[in-house]
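J.: Got a structure for you, questions after.
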Amino acid sequence: MTMLKPYQPYLHSLLRAIAGLVIFSYGTQKILGFPASGAMPPAGSLSWIAGVLELTLGFLVMIGLWTRLSAFVLSGLMAFAYFIAHAPQGFYPAQNGGVAAILFCFVFLYLASAGAGPVALDAKRA
């Protein structure tokens, strides 16, 4: 698969942007009620705090600004979400609904280590 090697930096940036967009969409659902999701969490609750972090830090990851710090915090948030909400429902992620939380945790941990990639505001600031 060496034919994809020249595109690796750009695929890295694409992974960052898509992961940021998806986590940002969770925040818009919790905090802004878009798309409509029923009752929004009460201000100050764990779900509300998670939504604020998903909204703000997800946006920063999506545009590639302060990516390492934002991704590190989001990685911890997703680990916390897994152990608080999913792990008590059983051991296997496919059965306890925690697959997305685990994947997000490790994607964000990777981004915290690897940075934003070449197509990002962090790269423009450097």
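J.: Taking interchain pairs and intrachain pairs at least six residues apart, which have beta carbon atoms under 6 angstrom, with the first residue in the range 21-45 and among the hydroxyl-bearing types (Ser, Thr, Tyr) and the second surrounded by 15 or more Cβ atoms within 10 Å (Cβ to Cβ)?
T.: Tyr26/Glu54; Ser37/Gln29
J.: For residues in the range 23-60 being of a type in the set (Phe, Trp, Tyr) and more than 17 Å from Ala85 (Cβ to Cβ), which is modelled with the lowest pLDDT?
T.: Here the answer is Phe34.
J.: Can Gly20 be described as over 16 Å from Ala116 (Cα atoms), in contact with a helix residue (DSSP H, G or I) (Cβ under 9 Å, 6 or more places away or on another chain), surrounded by 13 or more Cβ atoms within 10 Å (Cβ to Cβ) and modelled with pLDDT of 95 or more?
T.: No; evaluated as a whole, the condition is false for this residue.
J.: Then there is this: Condition test on Ala114, is it of a type outside the set (Asp, Glu), touching a residue at least 60 places away in the same chain (Cβ under 8 Å) and either surrounded by 15 or more Cβ atoms within 10 Å (Cβ to Cβ) or under 16 Å from Tyr10 (Cα atoms) (or both)?
T.: Yes.
J.: Can you confirm whether the range 77-98 contains a residue that is surrounded by 13 or more Cβ atoms within 10 Å (Cβ to Cβ), under 23 Å from Gln8 (Cα atoms) and within 13 Å of the chain's Cα centre (by Cα)?
T.: no
J.: Within the range 53-74, how many residues are over 14 Å from Val22 (Cα atoms) and surrounded by fewer than 24 Cβ atoms within 10 Å (Cβ to Cβ)?
T.: Number of matching residues: 6.
J.: Turning to a different aspect of this structure: Restricting attention to the range 27-45, which residues are more than 18 Å from Phe72 (Cβ to Cβ), in a helix (DSSP H, G or I) and in contact with a helix residue (DSSP H, G or I) (Cβ under 7 Å, 6 or more places away or on another chain)?
T.: Matches in the range 27-45: Thr28, Lys30, Ile31.
The values are calculated or read from the model by the stated rules, or taken from the named source; none is laboratory data. Small disclaimer: the values here were computed from a predicted structure and weren't measured. As a convention, Cβ positions derive from the backbone with ideal geometry for all residues, glycine included, and neighbour counts pool all protein chains shown.
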